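The values are calculated or read from the model by the stated rules, or taken from the named source; none is laboratory data. Owing to the predicted nature of the structure, the values given are computational and were not obtained by experimental measurement. Here the Cβ positions follow ideal geometry from the backbone for every residue, glycine too, while neighbour counts run over all protein chains shown. Each accessible area value is taken on the protein alone, full model and side chains, heavy atoms only, with ligands, DNA and RNA left out. Shrake-Rupley method; radii C 1.70, N 1.55, O 1.52, S 1.80 Å.
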Amino acid sequence: MNESISEYGHQTADREDVLRLADVGLAPVRVLLSKFGLVAGTVSPGKNIPGSFWGDEEAGLIGNELLVRADTPLHSILHETCHYVCMDQNRRAGLDTDAGGDYDEENAVCYLQILLADHIEQFGRQRMLDDMDRWGYTFRLGSARAWFERDAEDACTWLLQRKLIDPQLQPRWTLRHD
């Protein structure tokens, strides 16, 4: 069993240096979300984000609505998007705040969010990997890049088996259907 991810959270001092929704604008995020049947709901500055599992400025999920503020980190937007994509239909139908899922699915979510970063101009894979490290995602090999490049075969296989990515490791723009 691959034990790459030990936890997700924001413990690092560099968390203010991550790319946020306000840095790229809502339009490209809405385009990406729409490919998965998700809609972006916006929350006013300083207001709590409904459906946010972690609280603070992290994205929230209720049904097929991803809730964000201008200060929501892009990595959080894509992480929650990928939870929606990777969860089974039963969990998706009752989704409110806690995406659930097991360890293997969480790894797949992290892998897919890295792939999706290339589909938002001004973001990209390298910035996603850097922001994941800045925010405090933790991996056994010490960095998101090391995990993605050398220890994420199980996550990639999980996504391939569920037909969420193609053999060229590109998103298929579909939801899990098993």
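Descriptive notes on the structure:
- Some residue of the stretch 70-78 being free of Cβ contacts under 8 Å to residues at least 40 places away in the same chain and over 11 Å from the mean Cα position of the chain (by Cα): no
- A Cβ distance below 7 Å, combined with a sequence gap of six or more or placement on separate chains, defines the contacts here; from the stretch 108-125, residues that are on the phi > 0 side of the Ramachandran plot reach residues that are among the hydrophobic types (A, V, I, L, M, F, W, C) in the pairs Gln122/Val24; Gly124/Ala117.
- Test: residue in the stretch 157-177 that is surrounded by fewer than 23 Cβ atoms within 10 Å (Cβ to Cβ) and under 27 Å from Gly46 (Cβ atoms): no
- Tally of residues being touching a Ser or Thr at 6+ places or on another chain (Cβ under 9 Å) and open to solvent by 20 Å² or more (accessible area, probe 1.4 Å) across the stretch 13-27: 3
- Qualifying positions in the stretch 118-147 - open to solvent by less than 40 Å² (accessible area, probe 1.4 Å) and closer than 23 Å to Val31 by Cβ: Ile120, Phe123, Gly124, Met128, Leu129, Asp131, Met132
- When Asp88, Asp154, Asp166 are checked against the criterion of being out of contact with any Asp or Glu (no Cβ under 9 Å at 6 or more places or on another chain) and over 30 Å from Ala22 (Cβ atoms), Asp166 stands alone in meeting it.
- If you go through the stretch 143-172 and pick out every residue that is part of a loop (DSSP other than H, G, I, E, B) and more than 23 Å from Glu58 (Cα to Cα), you end up with 11.
- Residue match in the stretch 28-35 (condition: touching a residue at least 24 places away in the same chain (Cβ under 8 Å), in contact with a helix residue (DSSP H, G or I) (Cβ under 9 Å, 6 or more places away or on another chain) and either open to solvent by 20 Å² or more (accessible area, probe 1.4 Å) or over 26 Å from Asp178 (Cα atoms) (or both)): yes
- Among the residues of the stretch 101-117, just one is part of a loop (DSSP other than H, G, I, E, B) and surrounded by fewer than 15 Cβ atoms within 10 Å (Cβ to Cβ), namely Asp102.
- Enumeration of residues in the stretch 84-104 that are within 15 Å of the chain's Cα centre (by Cα) and within 17 Å of Arg172 (Cβ to Cβ): Tyr84, Val85, Cys86, Met87
- Filtered residues of the stretch 54-68 (kept if open to solvent by 10 Å² or more (accessible area, probe 1.4 Å) and in contact with an Asp or Glu (Cβ under 6 Å, 6 or more places away or on another chain)): Glu57, Ile62
Yes/no per residue for (1) closer than 23 Å to Arg145 by Cα; (2) of a type outside the set (Val, Ile, Thr); (3) at pLDDT below 95:
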site	(1), (2), (3)
Ser6	yes, yes, yes
Leu33	no, yes, no
Gly37	no, yes, no
Asn48	no, yes, no
Gly63	no, yes, no
Leu74	yes, yes, no
Arg92	no, yes, no
